[in-house]
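Read through the structure below, which is laid out as structure tokens, and then see the notes.
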Amino acid sequence: MSWANELTRQAARLALLPSRMRVPAALFSVVLIVAVTWLVYITGGTAYVYPYLMFFPILLSAALFGMLGGVTAAMLAGLALGPFMPLYVVTETAQTTINWVIRLTLLTSIGGFAGMLFQLLRHQLNTIRRLAFRDRDTSLPNRLSLEEDLSELIPPATADAEDNSNPPIHVVSVLLQNFEQINTSLGFRAGSQLMCEVAAALENVLDGKGDVYVLDPGKCGVVFRDMDSADCMMWVNRLLKQFELPVSVEDIPIHLEVTAGIATYPDSERLDAEWLLRKSALAMWTSNSIGQRIASYDHTMEGDMRNTLQLLGELRRAIELDELVMVFQPKFRLSDSQLIGAEALVRWQHPTRGLIPPGMFLPQAEQTALMDPLTLWVVHDVLRRLKAWRETHPELGIAINLSARNLLEPHLPERIPELLVEYQVEPGSLEFELTETMLLRNPDQCIRHLEMLANHGIRLAIDDFGTGYSSLAYLTRLPVDVLKIDQTFIRHIATRDKDRTITAASIDLARRLGMYTVAEGVEDAAAMTVLGELGCDAAQGFYLGRPMSAEDFTAYLGNPALARHH
Ligand code: C2E
Ligand code: CA
Ligand code: CA
């Protein structure tokens, strides 16, 4: 925590005089005035220097009670040193009226002015406090406030660590996984509105059982006190259950993906607020990365997080050493069950950790400049194999996934057409899959680069269609050939009417725009039947074939009976 935070905290304390302190503070000022009056008298009268001491009680009252306090104290002081106080006590010489009246006026104006300044200062400090300790969108207490509250609840780390008599405190970090996506698609105002809705929903469910904080955009915190772990888990489950219903933002129903991490005091080894908060965040990220909804902190998570970072550090070398391998998931035309191609998916054959799935390293790699060399490696590998496969299967097409980063710089989009020439592969047999959200990050640049690829005859597909909350306008702005309907709509299409409706509408939309439709995540025969009825063009999924090695795919191609099995 920086000195600025510390300053704000101290300033905030100074600005608020608790009500129980007011009467003693006022009495203290009066006592000071009486004391100075007495001092002036015993030191010989107002002719000497002691009347100046009256500034102490006047400024003190101004600081504590503002303008009214300053003026009242100044008038009391002025009158105390007024007509009844001699100029010289020894000779009993009285002051002239003008003398004490001028003093009274001077003290009163200084008291009033100082009070006004203090009042202004207090107002500013309160504003700073509000800005520093409250979230701007939701007006709920923020991270700083949570740290502050926790440090008040938890004794400092130096306190007796063996003392387990403190009632348990649970800190829950809640992550709205798709917040960033919603923010990008619907705009920051919608993002703020969403945070307000979420905060209100949290407070509503908790009904005072826990305190809600807004930690960052897309992240909330909840603190439960004096509660055992089972109850805490029950409440967190209730919170997450609440978000199974869509939240409405700008009249759009939005389905939130929420994960939570819990850290408990005094279970953690180190006993301070900052660590507790960090641990609940670590638990939250862990539950997020392993696809769980809730995780409670345990110390092995520290190692896992370090592992992920270490893995990222090794990725560059892995690309250079060809440790990456591609697997291919077959794709079938629905009208005649013909195998028409495959989606290429990357894996990492790590020398000590075994086969690592893309979800373990790609999301992290996407934050770095490694994404271009990685995709380039993938393109090389796919083109090399595609060239061989097309000699026996000229209709075959392979789809490669692109990451948002790949389209920010012209480097990769320019290199790909050159590679097609080098490998002598027909551009129409190569397809790139992109998600809606990635296109929205930098639409102009993305569109320019995509057009460049499309102009070379390469096909473009929208991946995970239907999950991006984006406007459909981009479909007409982009040179898109294929719409891949997301797995979430396909998996239960045979039993859920709504999924079937969305899929039917997507297929209809694609057809009208002259696009080809692919359903992904087909896991059973029933889904195949429905997709056939709806007129979907092609399908892919575990039911039709799992992702397989290039060797297996070659064998698959060479065995039409196997390929036509479905
Ligand atoms: P994606 O593009 O949506 O790929 C489909 C994912 O769904 C694959 O997971 C695939 O194995 C899985 N899948 C296919 N059919 C089914 C099914 O019937 N049921 C279920 N439950 N799952 C199915 P995978 O291989 O783990 O890839 C995950 C994600 O990683 C991909 O999602 C893609 O976004 C990314 N990815 C994979 N390879 C690459 C790559 O070479 N480059 C880039 N940029 N991203 C990649
Ligand atoms: Ca894909
Ligand atoms: Ca997909």
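What the table shows:
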read-out: Condition broken by residue 495, with the remaining ones in (1) more than 14 Å from ligand 2 (Cβ to nearest atom); (2) in a helix (DSSP H, G or I); (3) open to solvent by 60 Å² or more (accessible area, probe 1.4 Å); (4) at pLDDT 90 or above satisfied; value: (2)
read-out: Hey, residue 488 in a helix (DSSP H, G or I), open to solvent by 60 Å² or more (accessible area, probe 1.4 Å) and within 16 Å of ligand 3 (Cβ to nearest atom) or not; value: yes
read-out: Test: residue in region 458-465 that is more than 16 Å from ligand 3 (Cβ to nearest atom), open to solvent by less than 20 Å² (accessible area, probe 1.4 Å) and farther than 19 Å from residue 437 by Cβ; value: yes
read-out: Some residue of region 306-317 being open to solvent by less than 40 Å² (accessible area, probe 1.4 Å) and within 14 Å of ligand 1 (Cβ to nearest atom); value: yes
read-out: Unmet criterion (only one of (1) at pLDDT below 95; (2) under 28 Å from residue 177 (Cα atoms); (3) open to solvent by 10 Å² or more (accessible area, probe 1.4 Å)) for residue 450; value: (3)
read-out: Selection within region 66-95 - part of a helix (DSSP H, G or I), open to solvent by 70 Å² or more (accessible area, probe 1.4 Å) and in contact (Cβ under 8 Å) with a residue 40 or more places away in the chain; value: 67, 68, 76
read-out: Any hit, region 514-536, residues being of a type in the set (Asp, Glu) and within 23 Å of residue 460 (Cα to Cα); value: yes
read-out: Selection status of residue 210, open to solvent by less than 20 Å² (accessible area, probe 1.4 Å) and under 19 Å from the mean Cα position of the chain (by Cα); value: no
read-out: Residue pairs meeting the criteria (Cβ under 9 Å; at least 6 apart or on separate chains; first within 21 Å of residue 556 (Cβ to Cβ) and outside any loop (DSSP other than H, G, I, E, B), in region 520-544; second polar (S, T, N, Q) and within 12 Å of ligand 1 (Cβ to nearest atom)); value: 520/329; 520/487; 520/540; 540/329
read-out: Region 43-58, residues that are open to solvent by 30 Å² or more (accessible area, probe 1.4 Å) and touching a residue at least 12 places away in the same chain (Cβ under 8 Å); value: 47, 50, 53, 55, 56
read-out: Qualifying positions in region 276-301 - open to solvent by less than 90 Å² (accessible area, probe 1.4 Å), in contact (Cβ under 8 Å) with a residue 60 or more places away in the chain, hydrophobic (A, V, I, L, M, F, W, C) and not in a strand (DSSP E or B); value: 276, 277, 281, 283, 284
read-out: Test: residue in region 506-525 that is within 16 Å of ligand 1 (Cβ to nearest atom), among the aromatic types (Phe, Trp, Tyr) and at negative phi; value: no
read-out: Qualifying positions in region 510-533 - of a type in the set (Ser, Thr, Tyr) and open to solvent by 10 Å² or more (accessible area, probe 1.4 Å); value: 516, 529
read-out: Matching residues in region 218-250 - criterion: being exposed (fewer than 12 other Cβ atoms within 10 Å of the Cβ), among the aliphatic types (A, V, I, L, M) and over 14 Å from residue 170 (Cβ atoms); value: 245
read-out: Check on residue 507, assigned to a helix (DSSP H, G or I), more than 16 Å from ligand 2 (Cβ to nearest atom) and either over 33 Å from the mean Cα position of the chain (by Cα) or buried (at least 17 other Cβ atoms within 10 Å of the Cβ) (or both); value: yes
read-out: Test result for residue 553, of a type in the set (Phe, Trp, Tyr) and either within 26 Å of residue 385 (Cα to Cα) or more than 31 Å from the chain's Cα centre (by Cα) (or both); value: yes
read-out: Which listed residue, of 379, 421, 480, is β-branched (Val, Ile, Thr), farther than 27 Å from residue 180 by Cβ and open to solvent by less than 40 Å² (accessible area, probe 1.4 Å); value: 379
read-out: Qualifying residues in region 173-195 (those that are of a type in the set (Gly, Ala, Ser) and touching a Leu at 6+ places or on another chain (Cβ under 9 Å)) - the one nearest to residue 465 (Cα to Cα); value: 185
read-out: Complete set of residues in region 397-407 that are farther than 23 Å from residue 322 by Cβ and either open to solvent by 60 Å² or more (accessible area, probe 1.4 Å) or in a helix (DSSP H, G or I) (or both); value: 404, 407
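The values are calculated or read from the model by the stated rules, or taken from the named source; none is laboratory data. Since this is a predicted model, take the numbers as computed values, not measurements. Positions of Cβ are generated from backbone atoms using ideal geometry, with glycine treated the same way; all protein chains shown enter the neighbour counts. Remember, those area values only see protein heavy atoms, side chains included, never the ligands or the DNA or RNA. Shrake-Rupley method; radii C 1.70, N 1.55, O 1.52, S 1.80 Å.
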